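One structure is given below, encoded as structure tokens.
Derivation of every value follows stated rules applied to the coordinates shown; laboratory data play no part. For clarity, every value in this text was computed on a predicted model and none was experimentally measured. Here the Cβ is made from the backbone with ideal geometry for all residues, glycine too, and neighbour counts use every protein chain on show.
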């Protein structure tokens, strides 16, 4: 698995994908946090990072599939996936190696945003007037969310040898899992089941973590979501029917 992990990381860094993904993410979040009047903390007068944690997931819905779309689809198209399985590697080692490599890239993209926290910490009046537990919980939430999106992206990449199709499928599934289920819960007439439906979606658990209370139930939800996604991916890869 370690071999696959470093192979994927080197592949990302040797191409423009990693730099484009990180650059686009940081630029979009930076503009929303500091520049655009409707979301700028300088205009709002509140030392918070809501721009990052409310809009960030929607940015990741498109950027994570851009990272994962080549993971299995490109190897299937080029015929290198068959060669990969001639090595002494199990299906799980291949899947997990690719998953952790993609997730690592997402986490690397999040690291520079910590500068925003310290900037707001010192800009606050009085200094330090920022909800630190909420920020920590939000970082945990968006990191887990990124991992869940990576699992979905890898699953989509295993379904087709076409990278564009894999990207579209992954972006659609990520949106449904994050915001779509919550939208279904808001449909009139389903008030009695609304909470149960919302709890099946990522948004509910992400918002719970963003309050600063890291509940094991929310962590288990994301871990289970990732595990199921990777299990399905491993099953598809294991069939060798491409």
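Okay, here's what the table says:
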read-out: Relative contact order (%) - criterion: Cα under 8 Å, at least six apart; region: the chain; value: 25
read-out: Cα principal axis extents for the stretch 185-242, largest first, Å; value: 44, 32, 12
read-out: Degrees separating the helix 2-14 axis from the principal Cα axis of the chain, which is the longest one; value: 70
read-out: Degrees, to the nearest 10: 91-110 long Cα axis against longest axis of the chain; value: 30
read-out: Among 219-229, 160-170, the order from most to least packed when residues are scored by Cβ within 10 Å on average; value: 160-170, 219-229
read-out: Mean separation of Cα contacts under 8 Å (6+ apart) over length of the stretch 127-217, as relative contact order %; value: 42
read-out: Distance cut-off 20 Å, percentage of C-alpha pairs in the stretch 127-242 lying past it; value: 50
read-out: Principal-axis tilt of helix 132-159 within the chain, Cα atoms, nearest 10 degrees; value: 30
read-out: Protection proxy ranking, peptides 3-16, 91-104, average beta carbon neighbours within 10 Å, highest first; value: 91-104, 3-16
read-out: Ellipsoid equivalent to the chain - semi-axes via the Cα gyration tensor, in Å; value: 33, 22, 15
